[in-house]
Amino acid sequence: MTILVTGGAGYIGSHTVLQLLMGGDKVVVVDNLDNSSETAIKRVQELAGERGKNLTFHKIDLRDKPALEKLFASQKFNAVIHFAGLKAVGESVQKPLMYYDNNLVGTIVLLEVMAAHGCKNLVFSSSATVYGWPKKVPCTEEFPIGATNPYGRTKLFIEEMCRDLYQSDKTWKIILLRYFNPVGAHQSGYIGEDPRGIPNNLMPFVQQVAVGRRNALTVFGSDYGTKDGTGVRDYIHVVDLADGHLAALAKLSDPSVGCEVYNLGTGKGTSVLEMVSAFEKASGKKIPLVMAARRPGDAETVYAETDKAERELKWKAKYGVDEMCRDQWNWASKNPYGYEAPTK
Ligand code: UD1
């Protein structure tokens, strides 16, 4: 198959592209490199060996309709995996229009061009953020959904857009994947997460403390009603998550699929302190902590019900937090400054 991957140079995208190549697919990546590096593409190509020749890259912004049209006119895609989008919650509160423009307009243009070229198979990156602060856990796909910030609303709106699109034209096949908390890196330590600026998410921050780029981790809230007072999340190894996309693609060829939603998580909840301690064990580094107030908008405990994905996608996460931390540290210690070498 030939798969178009938007945002394929990013963290989850690059790991998914590698798994697709290793599975024998041809992959075309479009990415505007806004929060990603072309080095990731080069490294994926190297890791894929012989199969690296099946990967091509185009620096395209999805809102550039003529460029996207040209690409779709030049070759046929069996399906699209749509990762591209902005994802920093705090930034989305400061710059809502930038988020709506990038995430919503980008997606609308993509869907229009796909429809015009008869490619109606889509896998979309949604997020567990749509569960907000769930009334109970684990979160099932039937839970009510909502959003508390512009970033979350873009995920919510795109999900709704996809459901409407399918209702209007039943020849679409769409799988919405709600990711829980992706962490870790490819076992080679050659690709991994490389956020620009100060990391918003827990593990990239921990990683930067471990390599000496930051002094201490600020723990946002130690007064939650959890086992140790810190927030509990469902961390999932990025390679497991990438494999979930291959399972979703396979599912698209099932005639019964219309527009479906699946959680991709492990079903296990881990606290901030447990995660830090697992990382300390894996890295042999001490992570100094500063206890602080809760981060606005954060939920107490969020983890997935994984039954639906296991049953219908025949997919289940393989790795636990020790392996996630091992691989995160392997990547961090080999690439303390991510894809770019520090300027001396
Ligand atoms: C966050 C986003 C979510 C997004 C997801 C993408 C918020 C409110 N939510 O989820 O919308 O889909 O990332 O991966 O930003 N923590 C610290 N110190 C830190 C960073 C995090 O204590 O420096 C804690 C948080 O309070 C939380 C846990 O670590 O309990 C995980 O945080 P994070 O990695 O940011 O993920 P989420 O908040 O689950």
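The values are calculated or read from the model by the stated rules, or taken from the named source; none is laboratory data. Not measured: the values here are computed from a predicted model. With ideal geometry, Cβ positions are generated from the backbone for all residues, glycine too; neighbour counts draw on all protein chains shown. What goes into the accessible areas is simple: the full protein's heavy atoms, side chains included, and nothing from ligands, DNA or RNA. Shrake-Rupley method; radii C 1.70, N 1.55, O 1.52, S 1.80 Å.
Can you tell me the dipole magnitude for the chain around its Cα centre, using point charges on the Cβ only (Lys, Arg +1; Asp, Glu -1), in Debye to the nearest 20? Present the calculation step by step, with values, prior to reporting the outcome.
Details: 41 positive and 39 negative charges, 96 e Å.
The calculated dipole for the chain is roughly 460 debye.
A 1.4 Å probe run over the protein chains yields, for the stretch 57-123, 47 Å² of accessible area per residue, whole-number rounding.
Among Gly106, Gly284, Gly221, the residue with the largest mean-square fluctuation in a Gaussian network model of the chain, with springs joining Cα atoms closer than 10 Å, is Gly284.
Largest mean-square fluctuation among Thr266, Thr107, Thr148, in a Gaussian network model of the chain whose springs join Cα atoms under 10 Å apart, belongs to Thr148.
Using the alpha carbons alone, the radius of gyration of the chain stands to its Kirkwood radius in an Rg to Rh ratio of 0.94. Among residues other than Val276 with Cβ under 15 Å from its Cβ, the summed charge is +3 (Lys and Arg +1, Asp and Glu -1). Per DSSP H run of at least 4 residues, take -39500 (n - 2.57); add these up for the chain, divide by its residues and hand me the 222 nm value, nearest 500 deg cm²/dmol. Value at 222 nm, helices only, nearest 500: -11000 deg cm²/dmol.
Checking every one of the trypsin sites (Lys or Arg not before Pro) in the stretch 202-240 against DSSP loop status and a limit of 13 other Cβ atoms within 10 Å picks out Lys227.
For the residue pairs Lys136/Lys318; Lys95/Lys316; Lys170/Lys268; Lys76/Lys136; Lys76/Lys314; Lys173/Lys316, alpha carbon separations beyond 32 Å are given by Lys95/Lys316; Lys170/Lys268; Lys76/Lys136. The label-point distance for Glu69 and Met22, in a model that sets each label 7 Å from Cα toward Cβ, rounds to 3.9 nm. The calculated FRET efficiency for the pair Ala293 and Gln94, based on their C-beta separation and a Förster distance of 22 Å, comes to about 0.65. Fully extending the segment from Arg213 to Thr2 would add 72.0 nm, taking 0.36 nm per residue of separation and subtracting the current Cα-Cα distance.
Computed over protein heavy atoms with a 1.4 angstrom probe, the accessible surface ordering of His15, His117, largest first, is His117, His15. Remark: the stretch 240-283 carries 32 Å² of accessible area per residue (probe radius 1.4 Å; ligands, DNA and RNA excluded).
Would you mind classifying the stretch 105-260 by shape? Square roots of the alpha carbon gyration tensor eigenvalues, ordered a ≥ b ≥ c; an a/c under 1.5 is rounded, otherwise it is prolate if a/b is larger than b/c and oblate if not. Prolate is the answer for the stretch 105-260, as a/c is 1.5 or above and a/b outweighs b/c. Residues Glu50, Glu69, Glu280, sorted by accessible area with the largest first, give Glu50, Glu69, Glu280 [1.4 Å probe; ligands and nucleic acids excluded]. Full extension of the chain between Lys136 and Thr148 yields a length gain of 2.6 nm, computed as 0.36 nm times the residue separation minus the alpha carbon distance. When only Cα pairs below 8 angstrom with a gap of at least 6 residues are kept, the chain shows a relative contact order of 19 percent. The peptide list 249-259, 186-196, put in order of mean Cβ contacts within 10 Å with the highest first, becomes 186-196, 249-259.
Taking 0.36 nm per residue of separation and subtracting the current Cα-Cα distance, fully stretching the chain between Arg163 and Val105 would add 19.2 nm.
Where both bridge residues fall in the stretch 164-319, DSSP classifies roughly 10% of the beta bridges as antiparallel. Think of the chain as having a plus end and a minus end, set by charges on the Cβ of Lys, Arg, Asp and Glu; of Phe220, Ile41, Val183, Ile41 sits farthest toward the positive end of this dipole. Using a probe of 1.4 Å, the accessible surface attributed to Val321 totals some 40 Å² when neighbouring protein chains are kept in position. Put a plus charge on the Cβ of each Lys and Arg, a minus charge on the Cβ of each Asp and Glu, and nothing anywhere else: the dipole of the stretch 171-265 about its Cα centre is then about 220 debye. Where in the stretch 97-158 are there GluC sites (Glu not before Pro) that are in a DSSP coil and have at most 13 other Cβ atoms within 10 angstrom of their Cβ? Here the GluC sites (Glu not before Pro) that fit, given the DSSP loop and packing criteria, are Glu142.
Surface composition of the chain: carbon plus sulfur atoms contribute 52% of the solvent-accessible area (1.4 Å probe, protein chains only, all chains present).
Restricting the stretch 122-160 to trypsin sites (Lys or Arg not before Pro) that sit in a DSSP loop and have at most 13 other Cβ atoms within 10 Å of their own Cβ leaves Lys135, Lys136.
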